[in-house]
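Q: Got a structure here, written out as structure tokens. Questions coming.
All of the numbers you see were taken from the coordinates with simple rules; none came from a lab. Remember, it's a predicted structure, so these values are computed and weren't measured experimentally. Backbone-built Cβ (ideal geometry, glycine too); neighbour counts: all protein chains shown.
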Ligand code: PNS
């Protein structure tokens, strides 16, 4: 079985992320979506909320597991036995950043390959940062987040308490 991991801070998980996960799920037998800590970013949603959003958004994809983890991505790759890290890239800035992350992860886990999937052009403007701005300014989230994820946020995650 060939498994991959799609790591990210997913704060929150967007339709751009969903597109990458869906495409990876057709390339690999198993996909782990790993919600992890990016030390350069301050969180808006807590890990429980982020996980609920990912699960609601990816409900139609059968071969994925959503996990949360701290620690190093390379160690998680080894523990899960994945052969690849999959990352979506929207533009040259993403590619530059992700290339250096890939080198660091190769240094730590030489047997794990990083695979880049280019974002669809129509989703390339979608980022978690943009979504957080929309939320802050009370703007609708249609077109950037899954409707079920929007419902979760609108309800204050109350139905899941
Ligand atoms: O969605 P993001 O914020 O670009 O995801 C970045 C993330 C969480 C994948 C990255 O910060 C990460 O891998 N964190 C785990 C800690 C780690 O392994 N750091 C070294 C990576 S080179």
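Q: For residue 67 paired with residue 154, estimate the spin-label separation in nm (one decimal), with each label point 7 Å from Cα along the Cα-to-Cβ line.
A: The answer from the label model is 3.4 nm.
Q: For the pair residue 48/residue 83, report the inter-label distance in nm, with labels modelled 7 Å from Cα in the Cβ direction.
A: 3.8 nm
Q: Taking other Cβ within 10 Å of each residue's Cβ, how do 137, 17, 146 sort, fewest first? Spell out each step's value before the answer.
A: Numbers: 137 7, 17 26, 146 22.
Ranked by crowding around the Cβ, least crowded first: 137, 146, 17.
Q: Another question about this same structure. For the chain, calculate the relative contact order in percent as a whole number, restricting contacts to Cα pairs under 8 Å that are 6 or more residues apart.
A: On the way: 230 pairs, mean separation 48.3, N = 161.
Averaging sequence separation for qualifying contacts and normalising by length gives 30 percent for the chain.
Q: A further question on this structure: Specify whether the C-alpha gyration tensor of region 1-133 places it in the rounded, prolate or oblate class, a ≥ b ≥ c being the square roots of the eigenvalues: rounded for a/c under 1.5, otherwise prolate if a/b is larger than b/c and oblate if not. Mind showing how you got there, number by number?
A: Numbers: a/c = 1.25, a/b = 1.17, b/c = 1.07.
In terms of gyration-tensor shape, rounded.
Q: Determine the shape class of region 12-82: with a ≥ b ≥ c the square roots of the Cα gyration tensor eigenvalues, call it rounded for a/c under 1.5, and otherwise prolate if a/b is greater than b/c, oblate otherwise. Before the final figure, lay out the partial values.
A: On the way: a/c = 1.92, a/b = 1.13, b/c = 1.69.
Since a/c reaches 1.5 but b/c is at least a/b, the shape of region 12-82 is classed as oblate.
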